[in-house]
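Heads up, the thing below is written out as structure tokens.
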Amino acid sequence: MKKILVVEDEDVIRDFVVINLKRAGYEVWDADCGEKALAIYDEQGGDFDVALLDIMMPGIDGFAVCKTLRAKSSTLGIIMLSAKTQEMDKVSGLMLGADDYITKPFSPSELVARVDAIYRRVSMTYSKKDAPTEIGSGPFLLNMKSRTIYKNGELIYLTQVEYQIMEMFLKNQNTALDRNAILYQIWGENYYGDDKIVDVNIRRLRMKIEEEPSNPKYILTVWGYGYKWQSPDTEQN
């Protein structure tokens with residue numbers, strides 16, 4: 001059963017979300033504040049596929065809940081709900097580990113499409129366990145069975161979105177990738193959101209894998225086009 005945690009303090013919006021997700025086949029647990037949401041998550045042993053978090057809530061806000069949940073699980077799909085359109089809200093949520101964001105108001109079709117996309121990504125964690133394939137690049141070793149990546153033998157903790165971007169890079173080393181190609185590959189062709197989500201996730205990845213994120217040597221920007229993975233193996237030849 002597809003299991004989702006919905007956290008929204010406005011009753012009307014929460015009921016709207018819960019009804020539409022149940023119709024789409026999800027088992028929904030809901031809370032009206034961050035404190036209750038974290039308690040439910042722990043009571044259920046973290047057994048959720050997706051969490052839908054409102055940003056502006058009394059007490060513990062959505063940002064804090066996102067940060068806490070991401071620390072508990074790298075595989076949980078997290079979507080932020082925001083009534084604001086300010087860029088900083090979107091960037092802040094993504095930098096804390098969210099996979100996507102939806103700006104209110106939104107339609108039932110957009111809601112379900114975005115949640116479905118995140119659920120499919122999370123479910124891939126389990127569906128690929130029979131394919132023990134590894135890809136190497138310099139100090140990096142990506143394991144497609146466990147969906148993990150190591151640098152110099154040390155595990156780098158990635159969200160599922162970050163892992164998918166790294167997998168795409170390592171399968172296309174030294175090849176410039178169009179930002180839109182990355183967007184469609186990772187978030188799907190019917191993605192409703194802002195394409196800046198690619199740039200924010202690249203920034204987050206650089207903070208995890210680069211020695212100097214502001215002066216990257218692995219994930220390079222191809223100005224006016226997109227990004228490229230510079231293979232250390234190629235540099236040494």
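No value in this document is a laboratory result; all are computed from the given coordinates. Remember, it's a predicted structure, so these values are computed and weren't measured experimentally. Reconstructed Cβ throughout: ideal geometry from the backbone, glycine too, with neighbour counts over all protein chains shown.
Some values worked out for this structure:
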{"read-out": "D_trans [Stokes-Einstein, Kirkwood Rh over alpha-carbon pairs] for the range 134-236, 25 °C, 0.890 mPa s, µm² s⁻¹", "value": "177 µm²/s"}
{"read-out": "Packing rank of 3-14, 21-32, where each peptide gets the mean count of other beta carbons within 10 Å, highest leading", "value": "3-14, 21-32"}
{"read-out": "Whole-Hz ³J(HN,Hα) from phi, Karplus 6.51 cos²θ - 1.76 cosθ + 1.60, for the range 62-71, glycine and proline x", "value": "x, 4, 5, 5, 4, 4, 5, 5, 5, 5"}
{"read-out": "Fully extended contour minus Cα-Cα distance, from residue 10 to residue 191, at 0.36 nm per residue", "value": "62.6 nm"}
{"read-out": "Per-residue HN-Hα couplings for the range 204-216 [Karplus 6.51, -1.76, 1.60; θ = phi - 60°; Hz; x = Gly/Pro]", "value": "5, 5, 4, 5, 8, 10, 8, 5, 10, x, 7, 9, x"}
{"read-out": "Bridge type composition, the chain - antiparallel percent by DSSP, nearest 5", "value": "50 percent"}
{"read-out": "Per-selection Kirkwood Rh - the range 2-127 (Cα, Å, 1 d.p.)", "value": "14.2 Å"}
{"read-out": "Over the chain, relative contact order from alpha-carbon pairs under 8 Å, at least 6 apart, %", "value": "14 percent"}
{"read-out": "Trypsin sites (Lys or Arg not before Pro) lying in DSSP loop within the range 136-205, provided at most 14 other Cβ fall within 10 Å", "value": "145"}
{"read-out": "The range 134-236 - percent relative contact order, Cα under 8 Å, separation 6 or more", "value": "27 percent"}
{"read-out": "For the chain, calculated [θ]222 nm from helices alone, where every DSSP H run of n ≥ 4 adds -39500 (n - 2.57)", "value": "-13500 deg cm²/dmol"}
{"read-out": "Kirkwood hydrodynamic radius over Cα pairs of the chain, then Stokes diffusion coefficient at 37 °C and 0.692 mPa s, in µm²/s", "value": "178 µm²/s"}
{"read-out": "Mean separation of Cα contacts under 8 Å, 6 or more apart, over the residue count of the range 1-74: relative contact order %", "value": "36 percent"}
{"read-out": "Derived scalar couplings ³J(HN,Hα) [the range 46-56; Karplus, 6.51 cos²θ - 1.76 cosθ + 1.60; whole Hz; x for Gly, Pro]", "value": "x, 7, 10, 8, 9, 10, 10, 10, 6, 7, 8"}
{"read-out": "For residue 3, distant residues with modelled amide H under 5 Å away", "value": "27, 49, 50"}
{"read-out": "Listed residue pairs exceeding 32 Å between alpha carbons, taken from 72/104; 36/145; 104/171", "value": "36/145; 104/171"}
